[in-house]
Amino acid sequence: MDKKLQKGIVAVLIANLVNVAFSLATNFLLPKYLSIESYAGIKEFQLYVSYVGLFHLGFVDGIYLKYGGKTLGKDVDKEFSTDLSTMCIFQTVTTIAVLIVAIILRDRILAFFAISILPQNMSNYFKFLYQATGEFDLYGKAMNLTTISTFALNMVLLFVLRTDSVFWYIAGYVVLYFLIWIVLDVYFRKNHTLQKGALFSFKSFLSNIKAGFLLTLGNLSSIFLTSMDRWFVKALMDTLAFAQYSFAVSVENFLNLAITPVTTTLYNYFCRVSDEEEHRKVFNYVAVFATIIPAAAFPVKFILEVFLTKYIDSAAVVFLLFSAQIFYTVIRSIYVNLYKVQRKQKVYFVKLVIILAIGFALNCGCYAVVHVKEAFAVGTLLSAIVWFFISKTDFKYLKCSKKTEMYLFVQLILLLTFGFTLPSVIGCIAYMVATIASLGILMNETLRDLMGIGIKMINKRRK
């Protein structure tokens, strides 16, 4: 395995372990101590904020593509300096425009969302830049800054001020977004000397948007696909169902923290390594990884059984959403990164439009069959499976073997079967034992490779 890839995965993994610890505390304490209505209000605001990337119109993704695989020196050139200032001015104007609309409509939530646009997108600018250039230590620090500060804010509001008001939580998040952006900006300027250039360049504005617009639409379509179920639950079911479903989605986000070390480092890796045989090996490694991390659903079920009994009805949704991650992990780690590296933004966007339509139909169809919140989780799982199959046709050289596909579906069945029928502790043990058996039977060569890599890494650290 490529040494830089190994170091990148380890660096982001360590950062994510910190993130998991603080995120676990945040996502279990808030629903434990807040009212269902307040918790639902916070999750609603966060659902809106997940679409904030639409308002940079692809500029950030254009930067991501431009600097993929490159290295930033101490002195950055005028072009980069101009890109940065252009982005800042662009987002300031955008924020003001959306804020005016919110004031006219007298919509307080929309106003908070509008104010969030500038700091969120500027923070993402730096995070995407660190991913693209392989600065994974800095990316990890930026992640930790966000997670730890959010945890601190929530704990102050929850246990010091003892407030159940949605307003204070949302207002606090917006202030925090600005503080995080300021810290990232100051740190970057301290370590990189910016050159004097144009404050705003239409050339920079248009070229970066042109390069990244379809990718942004694709990413946002992906977000909409994975959040579509929550919109259905919000529109068709009561506040309790939305709160319970949102809780399941919140704990599902823990898997994203585990997946991030792979997705972020593989883009830089694919930019540097084009060997098809190596790509096939990485695909199999990711397939194994994608079936191990959903086992986290069992500890979540245990916490629901013991600690959060008022959200116990989320358990079935948790297992359905976690099982969908088996396929989403492969899609985001391999296929989405290859779309970006090979500049197939148009193909990526077209496929996402197709899967969005299919996902919408599946959610409607599942709800038509049975009017429960779990129907939307089933729709999400089926959408992930369809997306997996329509993506692999664009990268035939990867040659996903029948055994690999069989392994993924065997693990899907095992996860759902043990999750629905067994107590959390017994189910977890049964799933891990069955996973080892499946690996030995269907992915024996890949298992040996991964064990060899693990032994080498352990021996190096001992030396």
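Condition check ((1) within 23 Å of the chain's Cα centre (by Cα); (2) within 30 Å of Val318 (Cα to Cα)) across all residues:
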site	(1), (2)
Tyr33	no, yes
Gly62	yes, no
Thr82	no, no
Val93	no, no
Asp107	no, no
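How about region 260-368: which helices (runs of 4 or more DSSP H) wholly inside it have at least 3 residues that are over 30 Å from Thr239 (Cα atoms)?
Correct list: 276-292, 336-341.
Would you pick out the residues in region 46-75 that are crowded, with 18+ Cβ neighbours inside 10 Å, assigned to a helix (DSSP H, G or I) and not β-branched (Val, Ile, Thr)?
Gly53, Phe55, His56, Phe59, Asp61, Gly62, Tyr64, Leu65, listed by residue number.
Which condition number in (1) part of a helix (DSSP H, G or I); (2) surrounded by 15 or more Cβ atoms within 10 Å (Cβ to Cβ) is the one that Arg189 fails?
For Arg189, the failing item is (2).
All but one of (1) closer than 21 Å to Arg230 by Cβ; (2) surrounded by 15 or more Cβ atoms within 10 Å (Cβ to Cβ); (3) out of contact with any Ser or Thr (no Cβ under 9 Å at 6 or more places or on another chain) hold for Ser383; which doesn't?
(3)
Open to solvent by 70 Å² or more (accessible area, probe 1.4 Å), at pLDDT 90 or above and either over 30 Å from Glu305 (Cβ atoms) or part of a helix (DSSP H, G or I) (or both): does that describe Ile429? I'd like the intermediate steps shown before the answer.
Details: open to solvent by 70 Å² or more (accessible area, probe 1.4 Å): yes; at pLDDT 90 or above: yes; either over 30 Å from Glu305 (Cβ atoms) or part of a helix (DSSP H, G or I) (or both): yes.
Answer is yes for this residue.
Test each condition in (1) farther than 30 Å from Cys366 by Cβ; (2) assigned to a helix (DSSP H, G or I) for Asp229 and report the one that comes out false.
Asp229 satisfies every listed condition except (1).
So, in region 315-349, how many residues would count as being modelled with pLDDT of 85 or more and open to solvent by less than 40 Å² (accessible area, probe 1.4 Å)?
Total meeting the criteria: 24.
Among the numbered conditions (1) in contact (Cβ under 8 Å) with a residue 60 or more places away in the chain; (2) under 24 Å from Gln46 (Cβ atoms), tell me where Ala296 comes up short.
(1)
Quick check on my filter: what residues within region 386-409 are surrounded by fewer than 18 Cβ atoms within 10 Å (Cβ to Cβ) and more than 21 Å from Asp229 (Cα to Cα)?
Thr393, Asp394, Lys396, Tyr397, Lys399, Ser401, Lys402, Lys403, Glu405, Met406, Phe409
Failed condition for His371, given (1) under 25 Å from the mean Cα position of the chain (by Cα); (2) loosely packed, with under 15 Cβ neighbours inside 10 Å; (3) within 23 Å of Ala241 (Cα to Cα), with all others met?
Failed condition: (1).
To keep it simple, each residue is scored yes or no on (1) within 24 Å of Tyr64 (Cα to Cα); (2) touching a Ser or Thr at 6+ places or on another chain (Cβ under 8 Å); (3) surrounded by 15 or more Cβ atoms within 10 Å (Cβ to Cβ).
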| residue | (1), (2), (3) |
| --- | --- |
| Asp107 | no, no, no |
| Leu145 | yes, no, yes |
| Val156 | no, no, no |
| Val160 | no, no, no |
| Phe167 | no, no, no |
| Tyr177 | yes, yes, yes |
| Asp185 | yes, no, yes |
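Considering only region 440-463, I want to know if a residue exists there that is outside any loop (DSSP other than H, G, I, E, B), within 29 Å of Glu305 (Cβ to Cβ) and either hydroxyl-bearing (Ser, Thr, Tyr) or open to solvent by less than 40 Å² (accessible area, probe 1.4 Å) (or both). Quick ask: steps written out before the conclusion?
In the first step, residues of region 440-463 are kept if they are outside any loop (DSSP other than H, G, I, E, B); the result is 440-442, 444-462.
Cutting the leftovers down to within 29 Å of Glu305 (Cβ to Cβ) gives us none.
No, because not a single residue in region 440-463 is outside any loop (DSSP other than H, G, I, E, B), within 29 Å of Glu305 (Cβ to Cβ) and either hydroxyl-bearing (Ser, Thr, Tyr) or open to solvent by less than 40 Å² (accessible area, probe 1.4 Å) (or both).
If Lys78 meets every condition in (1) out of contact with any Gly (no Cβ under 8 Å at 6 or more places or on another chain); (2) open to solvent by 70 Å² or more (accessible area, probe 1.4 Å) apart from one, which number is that one?
The number of the failed condition is (1).
Report the residue count in region 194-224 for those that are outside any helix (DSSP H, G or I) and open to solvent by 60 Å² or more (accessible area, probe 1.4 Å). Steps first, please.
Looking only at region 194-224, we keep the residues that are outside any helix (DSSP H, G or I), and these are 194-201.
Those still in the list that are open to solvent by 60 Å² or more (accessible area, probe 1.4 Å) too: 195-196, 199-200.
Looking only at that region, the number is 4.
So which residues in region 84-101 are within 13 Å of Phe55 (Cβ to Cβ) and open to solvent by less than 40 Å² (accessible area, probe 1.4 Å)?
Hits for region 84-101 are Met87, Phe90, Gln91, Thr94, Thr95, Val98.
Can you go through Gly69, Gly58 and tell me which one is of a type in the set (Gly, Ala, Ser), at pLDDT 85 or above and touching a Gly at 6+ places or on another chain (Cβ under 9 Å)?
Exactly one residue qualifies, and that residue is Gly58.
The values are calculated or read from the model by the stated rules, or taken from the named source; none is laboratory data. Note that this is a predicted model, so its numbers are computed, not measured. Please note: Cβ atoms are built from the backbone with ideal geometry, for glycine as well, and neighbour counts cover all protein chains shown. Heads up: the accessible areas ignore ligands, DNA and RNA and are worked out on the full protein's heavy atoms, side chains in. Shrake-Rupley method; radii C 1.70, N 1.55, O 1.52, S 1.80 Å.
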